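First comes the structure, then the notes that go with it.
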Amino acid sequence: MEFRQHVSLAPFTTFEIGGPARWFVEATTESDIEAAVDFAKERKLRLFVLGGGSNVLVSDAGFDGLVLHIALRGIERSAAILSAAAGEDWDALVSSSVATDLAGIECLSGIPGTVGGTPVQNVGAYGQEVSRTIRTVRAFDRATRKWVDLNNVACGFSYRRSRFNQGPDRDRFIVSRVTYALAQNVPASVTYADLKHYFKNQGVADPCLQQVREAVLSIRLGKGMVVTPDHPERRSAGSFFKNPVVSAAKLPHIAEAAKLPEAEVPRYPAGAEEVKLPAAWLLEHAGFVKGYRQGAAAVSTRHTLALTNQGGATAAEIAALRDTIQTRVRELFGVALEPEPVWVA
Ligand SMILES: Cc1cc2nc3c(=O)[nH]c(=O)nc-3n(C[C@H](O)[C@H](O)[C@H](O)COP(=O)(O)OP(=O)(O)OC[C@H]3O[C@@H](n4cnc5c(N)ncnc54)[C@H](O)[C@@H]3O)c2cc1C
């Protein structure tokens, strides 16, 4: 295990942006994780846990602490239970589960990053979320210096949230392994409108898991939402803003600001008196259409919700575009947009 100094973080992120880490180390075992925590503690360094770097925006100044890159490997399967080490590639796990007829994560195809990153923001797409299949998360508890196996309830999952990325326990746990309870001999999940539409067009009535995976990958590719080398829109962190949940009482004002009848404001029910609004719709109606550009930072030409590095963008440029969008959406609609990627500084 080698503690290196002044390691550029940009190549470890899908934005391809970011200054150096003061210290950088890769963990391939659980004892490496413990050693890294001790190293940081002894030197009074802040510690940042890095997976696949697909949901982070690293500042231009980098990180003046220890970056712990999770690279633990290994997958075990027992019937429909899949247990994978945190450093395993997420999409490779989805691909192998689909190939072996295990259902439950097929709609999460094409999401970049590691297994360990999935419980952190309760990864979700096309009608599935990992919170529905995660059975346990094994993690090092930095507060007690003990390894714990957290069951699903203890992870505190909700939309793009978990105990790992919010509240008093944020950053307390370092995930080393995640166990997913999948299902055998069940139909693939096709609940999401885009997917239903895709299969209707293809004339496919009961798609199998592999067909759902291919459909999701195809839809994602069209939106530039898979990380493909040489794709002009590849440098992003996926959707940059969460879909905001607002009081239903705000709808008349939002409709008026968008110059539309209230019935035409898209929304999904989100609990008593609240609705979830598509952030992409808010951006578009605030003037941030596909291709909107500010320096080398831009709204993707394929997907309104993805902010992209068009080549050579700095973190400051992405942050400036983020601020411009947040300010305008707040002024126009009275809605606060929360970024999805983690700011590392
Ligand atoms: C093109 C593209 C499409 C995307 N599409 C989706 C999508 O459809 N749905 C979705 O939910 N997300 C999506 N994302 C976001 C991202 O891929 C996921 O959030 C992913 O799970 C992040 O995993 P990671 O390993 O890259 O984490 P990182 O980006 O490295 O880290 C993200 C956060 O998780 C923490 N973390 C990572 N690993 C660990 C660990 N082992 N222990 C403790 N904390 C850890 C980090 O400290 C950080 O706070 C997309 C991103 C891109 C670039």
Pairwise label distance in nanometres, ARG46 with LEU260, each label 7 Å out on the Cα-Cβ vector: 3.9
Three-way shape call for the range 4-70 based on the alpha-carbon gyration tensor, with the a/c threshold at 1.5: oblate
Pairwise label distance in nanometres, THR144 with HIS197, each label 7 Å out on the Cα-Cβ vector: 4.8
Phi to ³J(HN,Hα) by Karplus 6.51 cos²θ - 1.76 cosθ + 1.60 over the range 176-189, Hz, x for Gly, Pro: 10, 7, 10, 10, 10, 9, 9, 10, 9, 6, 10, x, 5, 8
For the range 213-279, the fraction of alpha-carbon pairs in successive 10 Å shells from zero, as %: 19, 32, 25, 23, 2
Contact order normalised by residue count of the range 4-70, Cα under 8 Å, 6+ apart, percent: 44
Highest-fluctuation residue, ARG43, ARG132, ARG302 considered, GNM on the chain with Cα pairs under 10 Å: ARG43
Cβ crowding within 10 Å averaged over residues, with 108-120, 199-211, 259-271 ranked highest first: 108-120, 199-211, 259-271
Rounded to the nearest 20 debye, dipole of the chain from Cβ charges on Lys, Arg, Asp, Glu: 360
Mean Cβ count within 10 Å, highest first, over the residues of peptides 280-293, 12-25: 12-25, 280-293
Mean residue ellipticity (222 nm) of the chain, computed from DSSP H runs ≥ 4 via -39,500 (n - 2.57), nearest 500: -7000 deg cm²/dmol
Alpha carbon convex hull of the range 236-344, volume per residue in cubic angstrom: 96
Leading residue at positive end of dipole, the chain (Cβ point charges), from SER131, ALA80, GLY224: SER131
Rg followed by Dmax, in Å, when the chain is reduced to its Cα trace: 20.4, 62
Euclidean distance of C-alpha centroids, the range 160-219 and the range 250-309, integer Å: 24
Cα→Cβ-extended label distance, 7 Å offset, between ARG172 and THR324, nm: 4.0
Listed residues ALA249, ALA298, ALA272, most fluctuating in the chain (Gaussian network, C-alpha, under 10 Å): ALA272
Intensity falloff of the range 83-195 expressed as log10 I(q)/I(0), Debye formula with alpha-carbon point scatterers, at q = 0.10, 0.18 Å⁻¹: -0.28, -0.86
Candidate aspartates and glutamates for bridging to LYS44, where Cα separation is under 13 Å - those fewer than 8 sequence places away on the same chain excluded: ASP64
Percent of C-alpha pairs per 5 Å bin, the range 142-230, short to long: 3, 10, 15, 14, 12, 15, 15, 9, 5, 2, 1, 0
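All of the numbers you see were taken from the coordinates with simple rules; none came from a lab. What you see is a predicted model, and the numbers here were worked out from it, not measured in a lab. Reconstructed Cβ throughout: ideal geometry from the backbone, glycine too, with neighbour counts over all protein chains shown.
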